[in-house]
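Down below is the structure, laid out as structure tokens.
Values quoted throughout were computed directly from the atomic coordinates according to the rules given, and no laboratory measurement underlies them. Just so it is clear, the structure is predicted and the values come from calculations on it, not from any experiment. Don't worry about glycine lacking a Cβ; one is built from the backbone with ideal geometry, like all the others, and counts go over all protein chains shown.
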Amino acid sequence: MPTRRTIAWLAGLATLGALAAPFVFEPDYSGPIATNERVLVFAHRGFGNHAPDNSLAGARLAVRQGLDGVDVDAQLTRDAEIVIFHDVSLERFTHGEGRVDARSLEELRAYDLADKFGRGFDDAYIASFEDFVAELTPNALLMVELKVPGFADTGIERRAIDIIASHDAFDRVYLSSFNPVVLWRLERLEPRVRTVFAFMDTGWDPKRVAETRVEDRVPLPWYLRNDLTRRAIRNLVRPDLLSIRHDVKEETVAALLSKSYPVFLWPVNEEVEIRRALLRRPYGVISDEPMLALGLRDQFAD
């Protein structure tokens, strides 16, 4: 008969094994997203390089051009509404100044994203998340990155779920985030919501960082750049899809695809990048040159 010391040692070993398992074992994907017959093509940040950043006008044009969906960014306003806008502050994309979360939704609607973009867009005012859901989801998929830098509960998850529910769009909206706590809260608030875990191996684009005010810069946490911790996050949070920067280690992407994960690769913009991504047969690609990606995708399908 085992001694108490042996039993305690075995129990401790089992506990260590249970704690280590999420970091070392990657089960096959068992989520709700079915394998698709063709790679989906999404326009990055509304309509890539061809329309004002994150504008409803650009996203509308992307859908008219036959793209499967659009990818945009979202954050909370001062009055706890959700607005589609990339940066923490207004300066880079509008003639406004200051932080987005210091203004109400109605105040933000007055800023025209077309002013700095130009090239034929007379008006492309900042729009709400609900504007995007209402107009786009009847005809296309919508991926929205919820930008929440910390772990505190801001209420953005509940508000996003309420909006999706009011338009019966759970199958048409993918809520993505680099922040695993945001995904964890979404999954527990509403199992029908489609969650997307975003990650990459490196930090943010140095050029983009240089264009961002020092006080607005948010570093990418180390655990999002490490395979072991990302595997644990996937096991604990169980996202429905993955959004992976295209230059993440090839063996990492290959392993996840072999487990049947629905993977989006981003941002694939040059022809060689797009071709390489399509050959991997991911669930989808996200591009700043989505029409090029669409044409190459259709060539592959022929």
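Reachable lysines from Lys259, Cα under 25 Å, same-chain residues fewer than 8 places away excluded? Candidates past the 8-residue exclusion: Lys249.
Separation of segment 132-165 and segment 285-301, taken as the distance between their Cα centroids, equals 26 angstrom.
Packing here is the average count of other Cβ atoms within 10 Å per residue, and on that basis the peptides 71-81, 217-227, 95-105, highest first, run 71-81, 95-105, 217-227.
Full extension of the chain between Asp205 and Arg99 gives 36.1 nm of extra length, using 0.36 nm per residue less the Cα-Cα distance. Note: relative contact order over the chain, using C-alpha pairs below 8 Å and six or more positions apart, is 20 percent.
Straight-line cross-link reach from Lys116 at under 16 Å between alpha-carbon atoms covers these aspartates and glutamates, not counting any fewer than eight positions away in the same chain: Asp53, Asp87, Glu91, Glu97, Glu211. Extending 7 Å from Cα along the Cβ direction at Asp115 and again at Asn235 yields two label points whose distance is 5.1 nm. For the peptides 165-172, 43-50, the ranking by mean Cβ contacts within 10 Å, running from highest to lowest, is 43-50, 165-172. Here the spin labels are modelled as points 7 Å beyond Cα on the Cα-Cβ line, and at Trp222 and Arg188 they lie 2.6 nm apart. A full extension of the chain between Asn139 and Phe151 corresponds to an added length of 0.9 nm, given 0.36 nm per residue minus the alpha carbon distance. Placing unit charges on each Cβ (+1 for Lys and Arg, -1 for Asp and Glu) gives the chain a dipole about its Cα centre, and among Leu265, Val83, Pro138 the Cα reaching farthest toward its positive end belongs to Leu265. Between Glu106 and Arg38, the contour length at 0.36 nm per residue exceeds the Cα-Cα span by 20.5 nm. On the basis of the beta-carbon distance and an R0 of 25 Å, Phe300 and Glu250 show a calculated FRET efficiency of 0.85. So how tilted is helix 227-237 from the main axis of the chain? Cα-based, degrees 0 to 90, rounded to 10. Once rounded, one gets 90 degrees.
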